[in-house]
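Step one of this worksheet: look at the structure below.
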Amino acid sequence: MRHALGTALLLTLTLAASWAFANDEKLAAGEILVETQEVSGSDIPRMIVTGVIEASPADVWKIVSDCGNYSRTMPRIKESRMVSRDGDTVICETVVGLPFPLSDLRSTTTATHTAGPVEWRRQWTMIEGNYRFNEGYWSLKSFNGHDNRTLAVYSVYAAPEGSVPDWMRRRAQESSMPGVIEAVREAVAK
């Protein structure tokens, strides 16, 4: 019995390591990975997108920490404004443009900023808006020890108020998520 458990554990660890290695290879080649993560007690998953950006985490941080310019750097953001900053706490307002007949999504969020040097992180929650909930984070780290390559992880758990069917919301999120990493790649290259 102990031998079988040991073998099962070894097999599990080997599979996990090979999965991580395969993902690292995909990321190193420029692929953008999108995954959903179930949230306990919710039928709405957390969306996570991961990609490598050819710049240092500090340079990428200049883009993702500047919510006042999201209308210029992030897809589908029609309006953005930094309301206030108090130390590491930043209050932002954004308007996400949606196609007709849907109404645009508005939110005011509070974010905590942690600026490196190991991890640059922006973690937000909604204060008010026309979402049922809206929270998430950006995490930026050096990719595989390369100071000029950033492993960027963008995670969002959000659902608009109203009658947007879950399948439509999920499809829109899954199809638009890679565009967030692509937009940051473009912005940091300018």
*asked:* For the stretch 74-84: of the residues being touching a residue at least 24 places away in the same chain (Cβ under 8 Å) and crowded, with 19+ Cβ neighbours inside 10 Å, which is nearest to L151 (Cα to Cα)?
replied: M74
*Does T89 satisfy the condition of being modelled with pLDDT of 95 or more, touching a Ser or Thr at 6+ places or on another chain (Cβ under 7 Å) and not charged (D, E, K, R)?*
yes
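Return the total of residues in the stretch 96-134 being among the aliphatic types (A, V, I, L, M) and over 17 Å from the mean Cα position of the chain (by Cα).
Applying the first criterion (among the aliphatic types (A, V, I, L, M)) to the stretch 96-134 yields 96, 98, 102, 105, 111, 115, 118, 126-127.
Pick out the ones that are also over 17 Å from the mean Cα position of the chain (by Cα) and you get 98, 102, 105, 118, 127.
Residues flagged as among the aliphatic types (A, V, I, L, M) and over 17 Å from the mean Cα position of the chain (by Cα) within the stretch 96-134 amount to 5.
Applying the selection to the stretch 57-79, what residues are in contact with a strand residue (DSSP E or B) (Cβ under 6 Å, 6 or more places away or on another chain) and either under 16 Å from R122 (Cα atoms) or among the basic types (K, R) (or both)?
The initial filter retains those residues of the stretch 57-79 that are in contact with a strand residue (DSSP E or B) (Cβ under 6 Å, 6 or more places away or on another chain), namely 57, 60-61, 64-65, 67-68, 70-71, 76-79.
P57, V60, W61, V64, S65, C67, G68, Y70, R76, K78 - these are the residues of the stretch 57-79 that are in contact with a strand residue (DSSP E or B) (Cβ under 6 Å, 6 or more places away or on another chain) and either under 16 Å from R122 (Cα atoms) or among the basic types (K, R) (or both).
Scanning for something part of a strand (DSSP E or B), at pLDDT 95 or above and surrounded by 15 or more Cβ atoms within 10 Å (Cβ to Cβ), does the stretch 53-69 turn up at least one residue?
Step one: filter the stretch 53-69 for residues part of a strand (DSSP E or B), giving 53.
Now drop any that are not at pLDDT 95 or above, which leaves 53.
Pick out the ones that are also surrounded by 15 or more Cβ atoms within 10 Å (Cβ to Cβ) and you get 53.
Yes: one or more hits.
Quick check on the stretch 85-95: of everything there that is in a strand (DSSP E or B) and not hydrophobic (A, V, I, L, M, F, W, C), which residue is surrounded by the most Cβ atoms within 10 Å (Cβ to Cβ)?
T94
The values are calculated or read from the model by the stated rules, or taken from the named source; none is laboratory data. This one's a predicted model, so the numbers in the text were calculated from it and none came from an experiment. Methodologically, a virtual Cβ is constructed for each residue, glycine included, from the backbone with ideal geometry; neighbour enumeration extends over all protein chains shown.
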